[in-house]
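The values are calculated or read from the model by the stated rules, or taken from the named source; none is laboratory data. Given the structure is predicted, the values throughout are model-derived calculations rather than measurements. A quick note on method: Cβ atoms are made from the backbone with ideal geometry, for glycine too, and the neighbour counts reach across all protein chains shown. Calculation scope for accessible area: heavy atoms of the full protein, side chains included, ligands and nucleic acids excluded. Shrake-Rupley method; radii C 1.70, N 1.55, O 1.52, S 1.80 Å.
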Amino acid sequence: MGKLYNINEYRQKQEKKKRYKKWITAALVVIAAVALGLMVWEWVENELPKEEETAQFPINMRGESPVDLQVADESLVVTTGGAVNFYSRLAQRQNSVVHGFSKPVTKTSGKYALTYGQGGYTLRVDHKNGTVKTLKLKNQILFAEINEKGYVAVAYSDSSYTSGVSVYDNTLGEPVCNYYMNEYVMALDFSGDDSCVIAAQTVEGSSFSTVVYGIRFNKETEIFKTAVTGSMAVSISVKDGGNIVLACEQEAFFFDKAGKQTGTYTYPGTLAWVEQSDDAKFILAVTNASDPNSTDLITVDLEGKKEAGVTIPERITDIACENHKIYVLTKNKVYSYSKTLEKGETVDNKNESQYLAVLNGGIYGLSSDRLEELG
């Protein structure tokens, strides 16, 4: 007679086996989920930019040889010996491009940053979201300028003439204008979407003479040509309404949009800095005549009349303007002034920043080893 089985006991054993299998399966699912979660977390940690969460000022620039600090749109543009870097106000790096220039110079306007090698043949235009284009020229670059629409004007030496200027639109394709002159081009500024003004230097007898040209791109001809005798040209700029300011070593000359001279201003000391405010003002920093370690900050109207002046008890190393305020950097401080040169806040320059930028009211300094927020 065969062995008798207790059906109830058999069923209980089968139920236990099923429960064990469920528990084991559930445990394996939990373990797999935890492992998968850890793998995903590790991937996120590795793939997402850590600076989005941890970026903060100061930004370490040690070993990168910073040479300039500018503002483009909502970005701080730091040019170093090897790259052009775009940073947000939250210290997040938005873009970084290698320029490859031995003597890099950066100019900004609107959202664009133009960088070229002084004495080289190549330039590039970038913004915080990428690179617009690079351009290689046949002639050595003396200097270049860019406007807020991305137009680029390049001044260069020329074998047939003394110097030339070529203007490119924002595609950096064929030039929209080529203009040549028998003087040495010293400075340039855009006076509209289709025109520019050029300051060129020559010598008459034993005196310097500066020739100011107004150029229309589509005709490659002069709107006007006028000359002044005196010191060497330093800069030229066009204000709202077309007024032109030519800053020379010893005095500034003022012209209307047709090239007619409207005034002059002779500096009371040695010119140290020239800046354009965001209103109808011209800002000069000159070494104080009685104290070479102090600087006179002066605002002049567009007819060459002094409007206001203040003496700063230090030498100025940089100037920035925003929202009708003037910010002055010295070795130890950043001074702020109204457009009438009434003194505002003063912040410390603890790490001896050499370059200054102001972005939406924030004050930033760049030294040899860091980019930091000063105030």
Completion exercise
Using alpha carbon centers only, region 356-375 is separated from region 293-317 by a whole-angstrom value of 23 Å
Problem - Distance between region 325-351 and region 167-246 - C-alpha centres, whole angstrom - result: 33 Å
Completion exercise
Placing each pseudo-label 7 Å from Cα in the direction of the beta carbon, Val98 and Ser231 end up separated by a distance in nanometres of 4.3 nm
Problem - Segment Phe143-Glu352, length gained on full extension (0.36 nm per residue, minus Cα span) - result: 72.4 nm
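Peptides 337-349, 96-108: what's the order by average Cβ count within 10 Å, highest mean first?
On the way: 337-349: 14.2, 96-108: 17.4.
For the peptides 337-349, 96-108, the packing ranking is 96-108, 337-349.
Rounded if a/c is under 1.5, else prolate if a/b is larger than b/c, else oblate: which is region 159-213, with a ≥ b ≥ c the root eigenvalues of its Cα gyration tensor? It would help to have the intermediate numbers written out before the result.
Values: a/c = 3.87, a/b = 1.89, b/c = 2.05.
The shape class here is oblate.
Could you pull out the chymotrypsin sites (Phe, Trp or Tyr not before Pro) across region 114-185 that fall in loop regions by DSSP (anything but H, G, I, E, B) with no more than 15 other Cβ atoms inside 10 Å?
Details: sites: Tyr116, Tyr121, Phe143, Tyr151, Tyr156, Tyr161, Tyr168, Tyr179, Tyr180, Tyr184; in loops: Tyr121, Tyr151, Tyr161.
Those satisfying the criteria are Tyr121, Tyr161.
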Problem - Under-5 Å amide H pairs with Ala227, H placed in peptide plane, nonlocal only - result: Val212
Exercise for the section: Give me the distance in nm between label points sitting 7 Å out from Cα along the Cα-to-Cβ direction at Ser206 and Asp194, one decimal. Expected result: 4.7 nm
Completion exercise
With a 1.4 angstrom probe the carbon and sulfur portion of accessible area for region 280-358, in percent, totals 42 percent
Problem - Loop-resident sites, region 208-289, for GluC sites (Glu not before Pro), counting at most 14 other Cβ within 10 Å (DSSP) - result: Glu220, Glu249
Handout entry: In nm, spacing of pseudo-spin labels at Ser294 and Ser160 (7 Å Cα→C-beta vector)
Key = 5.5 nm
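Would you list Arg216, Arg89, Arg62 from the most to the least accessible area, probe 1.4 Å? Mind dumping the intermediate values first?
Values: Arg216 85, Arg89 110, Arg62 150 Å².
Result of the area sort, largest leading: Arg62, Arg89, Arg216.
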Practice task
Per residue, how big is the convex hull around the C-alpha atoms of region 57-154? Give it to me in cubic angstrom, could you?
Solution key: 80 Å³
Fill in the blank from the handout: Sorting Ser368, Ser231, Ser207 on solvent-accessible surface, 1.4 Å probe, most exposed first, gives Ser368, Ser207, Ser231
Problem - Hull volume in cubic angstrom per residue (convex hull over the Cα atoms of region 300-375) - result: 90 Å³
Completion exercise
Computed over region 300-375, protein heavy atoms only, probe 1.4 angstrom, the accessible area per residue in square angstrom equals 47 Å²
Fill in the blank from the handout: Sorting Cys248, Cys321 on solvent-accessible surface, 1.4 Å probe, most exposed first, gives Cys321, Cys248
Handout entry: Convex hull projection area averaged over all views, region 165-273, Cα basis, nm²
Key = 7.5 nm²
Practice task
Using every Cα-Cα pair within region 243-339, state what percent have a distance larger than 21 Å.
Solution key: 29 percent
Completion exercise
The ³J(HN,Hα) series, computed from each phi in region 305-319 with the Karplus coefficients 6.51, -1.76 and 1.60 at θ = phi - 60°, rounded to the nearest Hz and given as x for glycine or proline, is 9, 5, 9, 7, x, 8, 9, 9, x, 8, 7, 7, 10, 6, 9
Fill in the blank from the handout: Residue by residue through region 240-247, the couplings from Karplus 6.51 cos²θ - 1.76 cosθ + 1.60 with θ = phi - 60°, in Hz, x for Gly and Pro, are 4, x, x, 5, 10, 10, 10, 9
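Given a 1.4 angstrom probe, what's the average accessible area per residue across region 45-188, in square angstrom? Provide the component values of the computation, followed by the final result.
Numbers: 6940 Å² over 144 residues.
Solvent-accessible surface per residue comes out at 48 Å².
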